[in-house]
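Read the structure below first, then the notes.
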Amino acid sequence: MSLLDQPFDPAREAALVTGAGNGIGRAIAQALVGEGVRTVFADLNPDTVAAAIKTSPRPELAVPWVGDLARPAACDALLADARSAVGLVTHFVHSASPPRREADHAFAVSQQIWAQMHAVNVDAGFHLARELARQLIAAQAPGSFLFLTSLHSGTPRNLPHYSTAKAALAMLVKELARTLGRFGIRVNALVPGAIAAGGFNADPALARHIPLGRLGQAEDLASMALAVLSNRLSAYVTGAAIVVDGGLSLMNWFEPPALDDL
């Protein structure tokens, strides 16, 4: 049997995916249940969560959860509900992120939008990962965590609330990987490029800046996510940031924002 035939152990492994209602999170959650892994689909919108589960390869393995991860109490509720529904969570994917608007440049973004972006990406990501790690350590079980960052964790995006939140996540991955490795818990990042999914409405003309000649799809991330999450395929990979962008990071196409309204 090929190693690729069984990347997960469904009898012992379970997953929690935030942002599972749409875009990249949805594709990863659906791919996990397709591999037989019981998975909590967590998101803010009940309709998108229900649709994501309904169109999954194995809906019977999916558990819906709805709540606002900008609220600490919701994060605690998610942890409790996930443990009750699937038992010990061994694979955690943090893909949740508020929608972003091109108009929210440095002089336009409100304090509320700034705070929400950081609360969902960084605060929730850290809290969930730390508490899930505590459970794994207590059970003496290995785990694999995956955070969705961005090319703009290192390159300005004209959206300072978004870029700084993703930059914080990129460092959080390294901090957690260094701390948790001794317990057999791996922590990595996927770094998407221009993915035509979720909250990103990609201009098709952007494809001319991509060496592979096309915009990305959520499924381009899902297959890589499975490989990185799998303790059989990526047992010696932690603290890594895997770029999945068709070569877009080889280019720099952003101009500074227009400030005509000042």
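Run down Val40, Val66 and say which single residue is within 27 Å of Val237 (Cβ to Cβ), of a type in the set (Val, Ile, Thr) and surrounded by 16 or more Cβ atoms within 10 Å (Cβ to Cβ).
None of the other options fit; the residue is Val40.
Being in a loop (DSSP other than H, G, I, E, B) and either within 30 Å of Pro211 (Cα to Cα) or modelled with pLDDT of 95 or more (or both): is that true of Thr155 here?
It is true that Thr155 is in a loop (DSSP other than H, G, I, E, B) and either within 30 Å of Pro211 (Cα to Cα) or modelled with pLDDT of 95 or more (or both).
Quick check on Asp43: is it closer than 14 Å to Ala124 by Cα and either of a type outside the set (Asp, Glu) or at pLDDT 95 or above (or both)?
yes
How about the range 1-33: which of its residues are hydroxyl-bearing (Ser, Thr, Tyr) and in a loop (DSSP other than H, G, I, E, B)?
Passing the criteria: only Ser2.
Looking at the structure I just gave you, is Ala235 at pLDDT below 90, of a type in the set (A, V, I, L, M) and either surrounded by fewer than 14 Cβ atoms within 10 Å (Cβ to Cβ) or assigned to a loop (DSSP other than H, G, I, E, B) (or both)?
Spelling it out, it is not the case that Ala235 is at pLDDT below 90, of a type in the set (A, V, I, L, M) and either surrounded by fewer than 14 Cβ atoms within 10 Å (Cβ to Cβ) or assigned to a loop (DSSP other than H, G, I, E, B) (or both).
Pairs only if they're at least six apart or on different chains, beta carbon under 8 angstrom, first in the range 73-87 and on the phi > 0 side of the Ramachandran plot, second buried (at least 18 other Cβ atoms within 10 Å of the Cβ) and assigned to a helix (DSSP H, G or I); list them, first residue then second.
Final answer for the pair search is none.
Could you check, for the range 236-246, whether at least one of its residues is more than 22 Å from Gly143 (Cα to Cα) and touching a Lys or Arg at 6+ places or on another chain (Cβ under 8 Å)?
Scanning the range 236-246 turns up at least one residue that is more than 22 Å from Gly143 (Cα to Cα) and touching a Lys or Arg at 6+ places or on another chain (Cβ under 8 Å).
If we keep just the residues of the range 140-192 that are β-branched (Val, Ile, Thr) and in contact with a strand residue (DSSP E or B) (Cβ under 7 Å, 6 or more places away or on another chain), which is nearest to Gln116 (Cα to Cα)?
In this case the residue turns out to be Thr149.
The values are calculated or read from the model by the stated rules, or taken from the named source; none is laboratory data. Computed from a predicted structure; not experimentally measured. Note that each Cβ is placed from the backbone with ideal geometry, even for glycine, and that neighbours are counted across all protein chains shown.
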